[in-house]
Amino acid sequence: MYVINLILDIPLRNGYSYLHSEALTRGTAVNIELRGRTQIGFVASSMPTAQFSAYPLDKLKPILAVGDSNLIIPEHIWQLCEFAANYYHHPLGNTLFCAIPVLLRKSTAIGYTSTDNAYYQATDSEIKPHGTKRQQLLEALRQQTLSLSQIRAIIGANANNLIDEWLAAGLVQITPPPPASYVHQALNLNTEQTLVVSALSAELGKFHAALLYGITGSGKTEVFLHLIAQVLANNQQIMVLVPEINLTPQLAKRFEQRFPYAKISLINSEISDKQRLNAWLSAKNGQTNIILGTRLSVFTPCANLGLIIVDEEHDDSFKQNDSLRYHARDLAVWRAKQLQIPIILASATPSLETLYNYKAGKYSLYKLTTRAVQNAVLPQIELLNLQHYPANFAGINQIALEKLAACLERKELALVFINRRGYAPVITCYDCGWVSTCLRCSTNMVYHHDKHQLKCHHCGFQTNVPPACPVCHNQYLHTIGHGTQKLEEFLAEQFPNAKIKRVDRDTTSTKKAWQQIYNDINQQEIDILVGTQMLAKGHDFPNLTLVIGLNLDNALFSYDFRASEDMFNVLTQVAGRAGRADKAGLVLLQTNYPDHPVYQFLKNHDFNGFINHIFQERKAHNLPPFAFYALIKISSTSESTLKHTMQELSTQSKQIHHPEVTLYSCVPAVMYKLHNRYRAQMLISSNNRNALHHYLNTLESQLKPNNYVTIAVDVDPLEV
Ligand code: ADP
Ligand code: ZN
Ligand code: ZN
C-alpha cells in the first residue's frame, strides 16, 4: 500500500493523504471523498506506507477512482503552477485548479472528442452532382485538399453523409493530411522585417527573450507568421498570447488562411467548457499546432512547444485581478526559460517592466520603425486647446466638429473616442445636491439613456431613474459630464445623414455584434464610430482617416502612477488606427493642458522620449519597475470586522523583522465599498525581490483568514 499526497481545490498549503494500492504518477487525477462529498484531487507524491508516520494509517481513506492517463497534468505544467503559487503567494491547490479546464475540475471520467483528421480530394470521376452548392464543393475539392470541417463550412451540417456517399460513388478519395507547415500566400517581407525574421530564426531552439518593438502597422504580425512557419516545419507547436479584445475573428482568420492545414486552437473566455477541455487535451498530446489565446492559455500543456509569442505585451488584460493574480506575460517568460525555447514580446508601446529588462540586458531588442504598407505614414497628431475652443455639452469642440464634417464630406471613416460608456456619469439634483450613488459600492451610478436606467459599472447593479429626487422630491434632475451615448445622440443631431455606430461594452457584448460591426465597416456602412478604448486595440479599419480623442486629461492627474503610461499607450494605439492604408491620418486630441509633456511626446511620436521621462519619474520616486510591490488586500461584508483586521494586520506586519522592506499604512481602498464588501489594502515594497517574498511568506504564516474576512496577496499589482 501507498500513502498518496493529494492537492485539492482548497486554500491550504499542505496536501491531503489518502491510501492506494500502488504508487501514482504526479499530476494524476483521482476521485476521493472529503467531508461527505466526492471530489477531484491531483497526486503530488506517493510513499510506501512503511515510511509514513504523520497519522495512524487506519485514519486514512482510500482513493475511490484513478482518472485516465490522458488527464495527467504534465510535469512542466505542474512546475509552472508551483512557481506561480510561490511567486503569487496563492495556495497550490487553487493555482492548479485555476490552470486546468473547468470540466477537469469536476470529474475524472471525461472523454475526448477527437476532431476529424481526414482530408479529401476529388477523383478524376466525371460524375456531376446535382445542385450548385454541391458542384461548387466538388470544384473546390479538385483545386485543393479539404478537411471535413472545411467541407462542412461549404456545404453545411450534412457534410458527413455527403462525403460518405461520394466516397462510395468514387467522386472523392481520402488523402493523407497535408503538412501543417504548408504556407498559403505569405507576403514578401520588407527589408526591416527580413532582418528581424532572420535574426530571430537564428535563436530558435534555445531560450531567448526578444522584445519586438514595432510601431503600429509595421508588420509585426507578418513577422510572427514567418517565424511560425519555420517552427511548424520543425514539427513544433507555437503559443500566441493576445489580449482578450484582440482575439478578433480577423486575427484568427489571418492565421487560418496562412496555415490552412495547421490545427489552430482558439482559447478565450467565450469558448465552451467542452471546447476548452478539447483544446487542453489536443495541445497536450501534440495534435494542436498553434494555440492562439488569451491569458489563461499560458497554462495549456504542450507536447512539443517551440515558440511563445506575447502580442501587445504591455496590455493590462494579461494580468488577472482576482483569485490567482498572475501576469500571463511573466509566466510565459518563465515557461520559455523552463522549456529552453524563445519568446517574443511584441508591442508598439512596450511596458516599462519589459523595457527595464531590456536595459538590464535580459531581453534583446528588435525594431520595426516604418509602416509595412508602402506609402503609409504615421498620422499627424494635433492638440486642440480647450482654453481657446471649449467643449460643448456633449464634450466635443468646434474645431473637432469641423474636421468631422470634412471627413464625412470625403466619405472616409472617423472615430470619436471617449473613455466612458453610458450617457452621463452621474445624475444630480441641483436643489439639494443629491447624486446617484450605488447602494453596494462607493461610486456613482451611470445614467444610461437607451433604457432610462442607472447602472453601476463596478458591480453591475441597475435601477430605474427615480421620477423625482429621492431626497427633496424635486422633479428636475440633471445629468453631469458625458459618455458615449450622449455623444452619439449629439452627433446624430448634428449630422443627420451620417451613419453612426456606438461601440462600447453595452453594444458589443456578443461576438456576433463585433462581427456585424466589422462587416458594416468593411462595406462602408458606417461613417462615424463613437466608442470607448475598446476601439483602440488591434483593429484594422482601412478607410479610417480621422481620430478624435475627448476627455483625456483625467489620466494625467490620477492617483494611479500608471495612468499616464496607460493613456499614452491607448492613444498611440488609437492614433495607429488612422491612415493605415494609402490615406494619411489625422488625430485630434482635446485637452486643457496642451503643454503637458505626455501630450508633447505623443504629438511628436516620441515613444523613447516618453519612456525616458517616465523612467526618470519612477526612479526618482522609487516606483516599479525600480522597486518591487506587493499589496495585501482585505475585504469583509462587515465594516467593523474590516477595521479590526486592518488593525491586526498593522500590528502583525510591524512585528516581523524586515531590514530591506518598506511597509506602508493599511488604508481603505480607493473604492472603499464594492459589491457590498468593505475593502482595505496595505502596500509592501522592497528593492530586493527575494527580501519581499521572504517577508510575505513570514507574514502569510501569521495571517488567520476566517469566514468573515478575505485576505489576498497581489504581487506586482497593476493598480495601487
Ligand atoms: P502590426 O502587427 O505591426 O500592426 P501587421 O502585420 O498587421 O502589423 O501589418 C499591418 C498591415 O501591413 C497589414 O495590412 C499587413 O497585411 C500589411 N503588411 C505587413 N507586412 C507586409 C509586407 N511585407 N508587405 C506588404 N504588406 C504588409
Ligand atoms: Zn433634491
Ligand atoms: Zn455598484
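Structure notes:
- Some residue of the range 132-149 being among the charged types (D, E, K, R), more than 22 Å from Arg258 (Cβ to Cβ) and either in contact with a Leu (Cβ under 6 Å, 6 or more places away or on another chain) or assigned to a loop (DSSP other than H, G, I, E, B) (or both): no
- Annotation: Gln524 fulfils all but one of (1) away from ligand 3 (no atom under 16 Å from the Cβ); (2) at negative phi; (3) part of a loop (DSSP other than H, G, I, E, B); the unmet one is (2).
- Looking across the range 438-490 at every residue that is among the β-branched types (Val, Ile, Thr) and within 29 Å of the chain's Cα centre (by Cα), the one that is nearest to Ala424 (Cα to Cα) is identified as Val446.
- Taking the criterion of being of a type in the set (Ser, Thr, Tyr) and crowded, with 16+ Cβ neighbours inside 10 Å, the residues of the range 242-273 that qualify are Thr248, Tyr261, Ser265.
- Residue match in the range 356-365 (condition: modelled with pLDDT of 95 or more, of a type in the set (D, E, K, R) and not in a loop (DSSP other than H, G, I, E, B)): no
- Of Leu415, Leu454, all but one fail to be within 16 Å of ligand 2 (Cβ to nearest atom), in contact with a strand residue (DSSP E or B) (Cβ under 8 Å, 6 or more places away or on another chain) and either in a loop (DSSP other than H, G, I, E, B) or of a type outside the set (Val, Ile, Thr) (or both); the exception is Leu454.
- Residue within the range 391-403 that is surrounded by fewer than 18 Cβ atoms within 10 Å (Cβ to Cβ), of a type in the set (D, E, K, R) and without any contact (Cβ under 8 Å) to a residue 24 or more places away in the chain present: yes
- Residues of the range 407-431 satisfying the condition of being touching a residue at least 60 places away in the same chain (Cβ under 8 Å), over 19 Å from Leu552 (Cβ atoms) and of a type in the set (A, V, I, L, M): Leu408, Leu413
- Cys456 falls short of the stated requirement of being touching a residue at least 24 places away in the same chain (Cβ under 8 Å) and either within 16 Å of ligand 3 (Cβ to nearest atom) or of a type in the set (A, V, I, L, M, F, W, C) (or both).
- Taken together, Arg276, Arg295, Arg254 contain a single residue that is in contact (Cβ under 8 Å) with a residue 12 or more places away in the chain, within 16 Å of ligand 1 (Cβ to nearest atom) and either out of contact with any Asp or Glu (no Cβ under 6 Å at 6 or more places or on another chain) or over 24 Å from Arg335 (Cα atoms) (or both), which is Arg254.
- Among the candidates Gln533, Gln573, Gln524, residue that is farther than 26 Å from Phe601 by Cα and among the polar types (S, T, N, Q): Gln524
- Odd one out for His621, checked against (1) over 16 Å from Ala555 (Cα atoms); (2) surrounded by 21 or more Cβ atoms within 10 Å (Cβ to Cβ): (2)
- Meets criteria (over 26 Å from Ile267 (Cβ atoms) and modelled with pLDDT of 95 or more) for Gln230: no
- Taken together, the criteria exclude Gln51 from residues that are of a type outside the set (Lys, Arg) and under 30 Å from Leu696 (Cα atoms).
- For the range 214-246, the set of residues classified as within 26 Å of Lys583 (Cα to Cα) and not in a helix (DSSP H, G or I) consists of Gly214, Ile215, Thr216, Gly217, Ser218, Gly219, listed by residue number.
- Taken over the range 295-333, the criterion of being modelled with pLDDT of 95 or more and of a type in the set (Ser, Thr, Tyr) is satisfied by Ser297, Thr300, Tyr326.
- Checking the range 638-645 against the condition returns no match, with no residue being under 16 Å from Tyr88 (Cβ atoms) and out of contact with any Phe, Trp or Tyr (no Cβ under 7 Å at 6 or more places or on another chain).
- Restricted to strands (runs of 3 or more DSSP E) entirely inside the range 659-720, those with at least 1 residues that are free of Cβ contacts under 8 Å to residues at least 60 places away in the same chain are 661-674, 677-686.
- Residue match in the range 415-425 (condition: at pLDDT below 95, away from ligand 1 (no atom under 16 Å from the Cβ) and of a type in the set (Gly, Ala, Ser)): yes
- All of Arg295, Arg276 fail the test of being touching a strand residue (DSSP E or B) at 6+ places or on another chain (Cβ under 9 Å), farther than 30 Å from Asn357 by Cβ, buried (at least 20 other Cβ atoms within 10 Å of the Cβ) and not aromatic (Phe, Trp, Tyr), apart from Arg276.
The values are calculated or read from the model by the stated rules, or taken from the named source; none is laboratory data. Bear in mind the structure is a predicted one, so any value in this text is a computation, not a measurement. A quick note on method: Cβ atoms are made from the backbone with ideal geometry, for glycine too, and the neighbour counts reach across all protein chains shown.
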